[in-house]
Amino acid sequence: MSKLALHGDLLDFESTPGWGDPALHGVRWRPDHWLLIEDGRIAGALPGREPPGEDWRREEHSGRLLMPGFIDTHVHCPQLDVIASWSPGLLHWLDTYTFPAEQRFADPEVAAAGAAMFLDALLAHGTTSAVVFPTVHAASAEALFAAACARGMRLVAGKVLMDRGAPPALTDDVAGAERDCEALIARWHGQGRNAYALTVRFAITSTPGQLAMAGRLLARHEGLYLQTHVAENRDEVAEVARLFPEARSYLDVYHRHGLLGPRSVLAHGIWLDDEDRRLLADTGAQIAFCPTSNLFLGSGLFDWQAAVDHGHKVSIATDVGGGTSLSMQRTLAEAYKVQAMRGTRLTAWCALHAATRGAAEALGLGAEIGHFDVGATADVVAWDWAHGAAALHRDAVARGAVATLPAQDLHARVFAWMTLADERNVAAAWVAGVPRFERGRMLQNVDI
Ligand code: GUN
Ligand code: ZN
């Protein structure tokens, strides 16, 4: 039996924090504790510095935050090649940068190298689980699943479905795509910590026949996910209305094809109406809010308050390469600003919950990831509270280390951390209790 004890300030969530409420409701704050990990699972926590017994391997992270690894619910593996590309908007950006970049993943060697680099980058940013788009090529999904297995990571992914509206090198057809999906599901769904997602790129690039095929597969196999994009950009919405005149709305295109359910993850959801929001709530589908992408591509400002009012699920995602960073803190900081522009103020608790336990529960993975409940898989990240002169000063102010200023409450300190931190703050990351990243280097093939 392997026993690992990590010492630091433990922060996670027991339940959902109150919307707009910086009080500690739902927050589990255990400063100066040992986090106990047995055989890759959380076994408990012990207060104080007194080390647990001799049989525990101990690691000191005193003065650091220990949190569950972040969960990025929408991100594109091949798009690290095109992150930060100038563009007037989504459709131009796809045609000019994204589709050419994705064609390179037809080569299994490029796909394997891309998957390894991408997953290592996620870990180096403190993200231990993700819902990921590879490309249309079955080999790109294979590469991603294999790389996730090699790192023990929890991944939801699937080959992209596109049978129109994209370059010929990036399109499949209904029968071939169905065969590829069946083979990938048989090989990877439930293998390691992988789950398969039917991956409809968006309504513009799938025929009604392909959407129907995806709906059939979703109904046929237990526990499959569905990932796609919805209502991101106004030109896109207009094109979907032209292609699917019979549908009430963009979201309704997916509903008509049986694609909405509790394991459906739809990125963006900016240009929705209240009937769409009710449909999301009724079906249990979630919106992955992608603030850095929405700002970068000028797509619009997601209305989280309306989602709360209608009771549909929201998680947070980077959407790299439309998004401009794999850092979940940078993403949460932009989420705060987007909501501020809409007249609401996101608390650090709601933001961090959405990136950990909230995302896990939205994905139906609440028993496994996103928190430090006993029995959860020990995906853990150690974070420095501050990096760089301004953040160090701001953190000193928050904890009352600047003599002339009063100490601030925990929400103020964590909010400043969330707003100022990024991947430079990651000290170490463990996946299922195995150390996988230490500042400056990946730790591959390390077993404990
Ligand atoms: N809509 C369809 N494909 C994409 C993509 O790759 N990125 C974003 N942001 N939106 C999309
Ligand atoms: Zn996307």
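Numbers below:
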{"quantity": "Residue tally, condition more than 30 Å from residue 67 (Cα to Cα) and either surrounded by 20 or more Cβ atoms within 10 Å (Cβ to Cβ) or within 15 Å of ligand 2 (Cβ to nearest atom) (or both), over segment 96-138", "calculated": "11"}
{"quantity": "For residue 21: the one exception among (1) over 25 Å from residue 286 (Cα atoms); (2) surrounded by fewer than 14 Cβ atoms within 10 Å (Cβ to Cβ); (3) of a type outside the set (Val, Ile, Thr)", "calculated": "(1)"}
{"quantity": "Residue ID - surrounded by the most Cβ atoms within 10 Å (Cβ to Cβ), chosen from residues in segment 282-296 that are near ligand 1 (Cβ under 10 Å from one of its atoms) and in a helix (DSSP H, G or I)", "calculated": "293"}
{"quantity": "All positions within segment 300-320 that are within 16 Å of ligand 1 (Cβ to nearest atom) and either buried (at least 24 other Cβ atoms within 10 Å of the Cβ) or part of a strand (DSSP E or B) (or both)", "calculated": "302, 315, 316, 317, 318, 319, 320"}
{"quantity": "Residue 267 being within 15 Å of ligand 1 (Cβ to nearest atom), hydrophobic (A, V, I, L, M, F, W, C) and at positive phi", "calculated": "no"}
{"quantity": "From 176, 215, residue being part of a helix (DSSP H, G or I), away from ligand 2 (no atom under 16 Å from the Cβ), touching a Gly at 6+ places or on another chain (Cβ under 6 Å) and without any contact (Cβ under 8 Å) to a residue 60 or more places away in the chain", "calculated": "215"}
{"quantity": "Those residues of segment 6-65 which are under 16 Å from residue 377 (Cα atoms) and not hydrophobic (A, V, I, L, M, F, W, C), in sequence order", "calculated": "12, 14, 38, 39, 40, 41, 44"}
{"quantity": "Some residue of segment 187-195 being of a type in the set (A, V, I, L, M, F, W, C), modelled with pLDDT of 95 or more and over 29 Å from residue 150 (Cβ atoms)", "calculated": "no"}
{"quantity": "Selection status of residue 341, at negative phi, within 16 Å of ligand 2 (Cβ to nearest atom) and not small (Gly, Ala, Ser)", "calculated": "no"}
{"quantity": "Where residue 103 falls short, out of the listed (1) out of contact with any Cys (no Cβ under 7 Å at 6 or more places or on another chain); (2) assigned to a helix (DSSP H, G or I); (3) under 23 Å from residue 443 (Cα atoms)", "calculated": "(3)"}
{"quantity": "Matching residues, segment 242-258, being away from ligand 1 (no atom under 16 Å from the Cβ) and hydrophobic (A, V, I, L, M, F, W, C)", "calculated": "247"}
{"quantity": "Near pairs, Cβ below 7 angstrom, 6+ apart or cross-chain, from segment 376-391 (more than 22 Å from residue 72 (Cβ to Cβ)) to any residue that is surrounded by fewer than 19 Cβ atoms within 10 Å (Cβ to Cβ)", "calculated": "386/392"}
{"quantity": "The lone exception for residue 43 - which of (1) within 16 Å of ligand 1 (Cβ to nearest atom); (2) not assigned by TED's automatic domain parsing to the domain that holds residue 123 it fails", "calculated": "(1)"}
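The values are calculated or read from the model by the stated rules, or taken from the named source; none is laboratory data. Just so we're clear, the structure is a prediction, and the values are computed from it rather than from any experiment. Please note: Cβ atoms are built from the backbone with ideal geometry, for glycine as well, and neighbour counts cover all protein chains shown.
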